[in-house]
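Have a look at the structure below before the remarks.
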Amino acid sequence: QSAKISNLINDALPGDTIILSEAGVYKMNAEIKVDKPLIIMAAKNLSSRPTFVNASFKSLPAFISIENGGDLSIKGIAFRGSYETFSATDAGIRSTDQPMNRPYHLTIDDCEFYDYNESSNSGFKASKGTFADSLVVLNSIFHHMSGTGLDLSSEKDDKGMYNAEYTIIKNCTFTNLLSSAINIYRGGNDESTLGPFVTIDHCTFNEVENREQGT
């Protein structure tokens with residue numbers, strides 16, 4: 001199925017919408033790379049979310065990587081970090097670890113991220129050297145994770161760099177996370193950059209940073 005979806009994405013025109021028409025498990029064996037503006041969404045009125053799992057014996061850095069030139073709007077999909085006895089996936093969605101020379105946009109709506117069992121794992125992970133003009137996360141749930149729900153903390157050089165200008169998180173639930181729900185980092189005192197700007201609105205945090213139960 002990952003080859004099928006990858007082929008659809010390779011053949012898609014910028015701005016196309018790819019609709020997953022069936023509920024159930026979508027078995028992946030490679031990362032999907034998005035290098036153009038795309039919408040990926042579940043068909044309406046499905047009984048449950050289509051669920052991406054890794055069905056290979058090599059770990060995946062993420063199910064979806066936003067590459068240079070890519071923008072993504074994704075809706076109604078679940079990203080399960082571990083599945084049966086197959087190798088794990090480190091993140092649901094990430095920005096590329098390759099050079100990126102333009103900002104990207106990512107919208108995550110009505111998605112689910114769960115069963116990530118390493119402290120370095122995350123639902124979404126922004127890579128060093130990448131910059132989102134906007135990251136918008138709506139109506140989504142992050143649960144049963146050892147790592148971070150949303151990790152935008154890769155710019156550790158303290159030179160005023162950061163991973164997203166606008167981060168907007170609304171109507172989301174973070175529950176049963178051993179690490180942080182949201183980690184957004186900007187260090188340094190470069191006065192030419194004003195961000196990051198962060199909005200967290202109508203979110204629920206339950207048993208987060210729960211290494212010592214109840215923090």
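Inside region 110-146, residues that are within 20 Å of Ala42 (Cα to Cα), surrounded by fewer than 16 Cβ atoms within 10 Å (Cβ to Cβ) and hydroxyl-bearing (Ser, Thr, Tyr) make up a count of 0. In summary, Ala62 fulfils each of the numbered conditions (1) of a type in the set (Gly, Ala, Ser); (2) open to solvent by 30 Å² or more (accessible area, probe 1.4 Å); (3) within 23 Å of Ser122 (Cβ to Cβ) with the single exception of condition (2). For Leu194, the stated conditions hold: it is without any contact (Cβ under 8 Å) to a residue 12 or more places away in the chain and open to solvent by 20 Å² or more (accessible area, probe 1.4 Å). If we scan region 16-30, do we find a residue that is outside any loop (DSSP other than H, G, I, E, B) and in contact with an Asp or Glu (Cβ under 7 Å, 6 or more places away or on another chain)? Taking every residue of region 16-30 in turn, none turns out to be outside any loop (DSSP other than H, G, I, E, B) and in contact with an Asp or Glu (Cβ under 7 Å, 6 or more places away or on another chain). Note on region 25-47: residues that are surrounded by 12 or more Cβ atoms within 10 Å (Cβ to Cβ) and out of contact with any helix residue (DSSP H, G or I) (no Cβ under 6 Å at 6 or more places or on another chain) total 16.
The values are calculated or read from the model by the stated rules, or taken from the named source; none is laboratory data. Everything numeric in this text was worked out from a predicted model, so none of it was measured. No Cβ is skipped: glycine too gets one built from the backbone with ideal geometry, and neighbour counts run over all protein chains shown. These area figures cover heavy atoms from the full protein model, side chains too; ligands, DNA and RNA do not enter into them. Shrake-Rupley method; radii C 1.70, N 1.55, O 1.52, S 1.80 Å.
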